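I have placed the structure first, in the form of structure tokens, so that the comments after it can refer back to it.
Since every read-out is calculated from the coordinates, none of them should be taken as a lab result. Note that the structure is a prediction, hence the values are computed from the model and not measured. Every residue, glycine among them, receives a Cβ derived from its backbone with ideal geometry; neighbour counts consider all protein chains shown.
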Amino acid sequence: MLRKWPKSNRPDNRLERGALKSGALYLIAILSALLVMPGFAEQYATGDVVQAVIDVDGKQRVQIRGGSYFFTPNHIIVKVNVPVALSIMRESGIVPHTFVMKIPESRIMLDESLSTEARTIEFTPTAVGKYEFYCRNKLPFFRSHEEKGMKGVFEVIP
């Protein structure tokens, strides 16, 4: 004998189909992200070299963005004795990051907390060489952000 459901108690197949569709879309989104993420990680791991551009005001302008254990670009080239306008920021997220760079010969010591809003620091490198910049943050019992790859090279050329 076939049971007839009263209209108020009848299961709604549209809701079941909607749940299946949204679950399938969620699964596709996760799989897509997993396929794409290794490419992003490789880009940051291999890094990119950027030569600073001298603007009409005579300053070399460079932008650095920090994120989940990376800086991009992670190799910057500037000319000695030419003012630098370095714009630093971090991607949105809950993990705090810093930017530390020391060029003792030029008396440059930077140690800045990164924000999601860009901040510009101006200085003039007076010594040729390669100098490391990095994030100094570290949680207890974990590797530091620098050890996880959040570092780069600031190269000053003649």
Rounded if a/c under 1.5, otherwise prolate or oblate - the range 84-147, Cα gyration tensor axes: oblate
Pairs beyond 22 Å (Cα-Cα), from Lys130/Lys151; Lys79/Lys148; Lys59/Lys151; Lys79/Lys102; Lys79/Lys130: Lys79/Lys148; Lys59/Lys151
Per-peptide average of other Cβ atoms within 10 Å, ordering 120-128, 143-151 highest first: 143-151, 120-128
Length released on extending from Lys102 to Thr124, taking residue separation times 0.36 nm less the Cα-Cα span: 6.7 nm
Whole-Hz couplings from phi, Karplus 6.51/-1.76/1.60, listed for the range 62-75; x for Gly and Pro: 9, 10, 10, 10, x, x, 5, 6, 8, 10, 9, x, 10, 9
Largest-first ellipsoid semi-axes for the range 47-157, taking √(5λ) over the Cα gyration tensor eigenvalues, angstrom: 24, 15, 12
Length released on extending from Asp48 to Val95, taking residue separation times 0.36 nm less the Cα-Cα span: 14.6 nm
